[in-house]
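The values are calculated or read from the model by the stated rules, or taken from the named source; none is laboratory data. Note that the structure is predicted; figures quoted are calculated from it, not measured. Note that we place each Cβ from the backbone using ideal geometry, even for glycine, and neighbour counts take in every protein chain shown. Accessible surface areas use protein heavy atoms only, side chains included; no ligands, DNA or RNA. Shrake-Rupley method; radii C 1.70, N 1.55, O 1.52, S 1.80 Å.
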Amino acid sequence: MGFSLGAEGRAVLGRLALLWALMVPGIQQEIRLSQRSVMVGSAGGAMTMPCHVSRSVDYVHWFRQLEGQAPERLLYLALSKRDVQWDSVLGGDKVSAARGGDGKSCTMSLRKLAKSDEGLYYCAAWGSNLNYMIFGGGTKVFVQDKNLPTDIVPKPTIFLPSINEVNHQQTATYLCLLENFFPDVIKVSWKEKNGKRVLPSQQGNTMKTNNTYMKFSWLTVTENSMKKEHMCIVRLEKNAGGKDQEILFPAVNEVFSPVVATTEPPDDCLQDESVTDTDFTKVCSRGESEVTDSTKACLKDENNTVELQLAYNSAYYTYLLLLLKSAIYFVTTSCCVFRRTGVCHDGKSS
């Protein structure tokens, strides 16, 4: 007896296959499916999403997952023949699919785009020689409103380190603020200028502002890297020509020139333009005399210090001498008193 599944049953099986593939990523090693990670369309317009399979398969299924909902299958098509089947989720006036000429690729098109179409769209391979369905990475679809400006690439604002951080912590923090971009799928990284290694940095959350988004990222460099220029690299689907946006930050030492201490006194004679050739000798001579007077003052201060030290030593030793004399006087007086007391006592006994 034959058995057939209705549209609802096929949708349930599609959901189970998607969940199974996501839970067991190792099964995707034999066949790989490539999809664009992000696509942006305009409200009321159309969008065509490509899917490429690494080798020939019998069927490709298309699923979508809206935010907060379970995955659902939209349609499937055979790559070996012109055969497209729709589930009951969407009709043919909304979604369609076509196979590529190489027998290993296909596309799915959405028409009459609306904000409700935003979500993740997956293509998945299926065949008689496969025991499971293999999924691609998915395409995240955004639908922009008609009132959204045409220029929706990130508008950067740079913030340089503070002088207090540089002086007291010997570190410097660059901050890159990105505003008014769309969609919210954005990648920010940091490198040294002309460098290849990605530097460890910090990222803020991507926040929505009206119809666009904003994000900030910051990089903290140590004292050894303050002589180098750094770059904030922004990757967004809408970047011109698909190229990364590079935002240059100047070297910290160029922003904050170090204060160099000098042991030589300033030459006021050469810096004062108001001094004429006639007065030049007089001014410099006056400067030399001031230096001489300063030296004399220092010598005088040293002599006063020596005299004060001698006076202090004299007073100290005089005090010790008086203290010694007082002690000798006290001992002598005590002896006399004790001797007199003893004589008196002997006289009374006799």
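Ranked highest first by average number of other Cβ atoms within 10 Å, how do 135-144, 164-173 line up?
Those peptides, ordered most packed to least, come out 135-144, 164-173.
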Checklist entry - Each label point is 7 Å from the Cα along the Cα-to-Cβ direction; what then is the distance between the points at LYS325 and ARG235, in nm? => result 9.8 nm
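Efficiency by 1/(1 + (r/R0)^6): what FRET value for HIS168 and ASP244, r their Cβ-Cβ distance, R0 = 30 Å, to the nearest 0.05? Walk me through the intermediate numbers first.
Numbers: r = 35 Å, r/R0 = 1.15.
Efficiency, rounded to the nearest 0.05: 0.30.
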Next on the checklist: I'd like to check one number: the per residue accessible area of region 32-140, probe 1.4 Å, reported in Å² as a whole number.
Outcome noted: 45 Å²
Checklist entry - Given charges of +1 on the Cβ of Lys and Arg and -1 on the Cβ of Asp and Glu, with all other atoms neutral, how large is the dipole of region 30-112 about its Cα centre, in debye to the nearest 20? => result 220 debye
Checklist outcome for this item: Under the rule rounded for a/c under 1.5, else prolate if a/b exceeds b/c, else oblate, using alpha carbon gyration tensor axes a ≥ b ≥ c, region 112-164 is classed as oblate
Item to check | Candidates per trypsin sites (Lys or Arg not before Pro) in region 54-113, loop by DSSP, up to 13 other Cβ within 10 Å | outcome: ARG55, LYS81, ARG82, LYS112
Checklist entry - With a sphere of radius 14 Å drawn around the Cβ of PHE249, what net charge do the other residues whose Cβ falls strictly inside it have (Lys, Arg +1; Asp, Glu -1)? => result 0
Checklist entry - Sorting ASP58, ASP117 by accessible area (1.4 Å probe), largest first, what list results? => result ASP58, ASP117
